[in-house]
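J.: Input: one structure, supplied below.
Values in this text are rule-based calculations from the coordinates and carry no lab data. These figures come from a predicted structure and were not determined experimentally. For neighbour counting, all protein chains shown are included, and Cβ atoms are generated from backbone atoms with ideal geometry for every residue, glycine included.
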């Protein structure tokens, strides 16, 4: 049976977990709420840390459960949170969720589009972080991660959160000194946002395909990459109906 001293020390141990850099061990939401209610000074550092932990868990939970069937509910619930204070948390949660589930890129892009319409500064933060990650992964020759990030960027272009000029600049960069990987990333990118680009920037898209045609005529190109370029030309001919 715990002594009175042990009973008195336990809450302090729980509070100490909040002072670690990552927030410490997992604390269930109900326990966080109970700990918060026990603090009388709402301006204290401990109370604010508890409040931050609860906000982080709620934002992370909402983003992780987003899918096509519950999208409107998730967006509504997110907008009820203090996303201005938690904008960094929200940006991290969305980018991380998309990296784990790139097939849901259209869902996360839709979430960002609605948030951006209410809070453009949060939209800009997400875009800024994505572009930094894209450049970092591209320079490291991390093809898989670069394709995943570019897929998210493509769907943000489809949602008109990101301007099409950025898409064209990305592809010009990748095709300036083409490698097998850079061409593959470009083709994957075009599969996701080519239809939108053909609608809003047909001349820019024509320039990209002219460059791909030039690369295709190079006899040194890998057969697999040659096939990928030929496929994207066929997809374009079918109006990007992948």
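J.: By average Cβ neighbour count within 10 Å, what is the ranking of 91-99, 114-122 from highest down? The partial results should precede the final answer.
T.: On the way: 91-99: 19.8, 114-122: 15.8.
Highest mean packing first, the order is 91-99, 114-122.
J.: Compute the distance in nm between two label points, each set 7 Å from the Cα along the Cα-to-Cβ direction, one at residue 103 and one at residue 70.
T.: 1.8 nm
J.: Expressed as a rounded percentage, what relative contact order does the range 46-162 have, with Cα pairs under 8 Å and six or more residues apart?
T.: 26 percent
J.: Same structure, new question: When only C-alpha pairs under 8 Å and at least 6 residues apart count, what is the relative contact order of the range 164-241, in percent?
T.: On the way: 45 pairs, mean separation 29.3, N = 78.
Value for the range 164-241: 38 percent.
J.: Something else about it: Could you tell me whether the range 66-110 comes out rounded, prolate or oblate from its Cα gyration tensor? Rule is a ≥ b ≥ c as square roots of the eigenvalues, rounded for a/c under 1.5, then prolate if a/b exceeds b/c, otherwise oblate. Can you show the working numbers first?
T.: Values: a/c = 3.05, a/b = 1.24, b/c = 2.45.
Oblate, because a/c is 1.5 or more while a/b does not exceed b/c.
J.: Hey, got the Cα dimensions of the range 164-241 along the principal axes, in Å, largest first?
T.: If we take the Cα atoms of the range 164-241, the spans are 34, 25, 17 Å.
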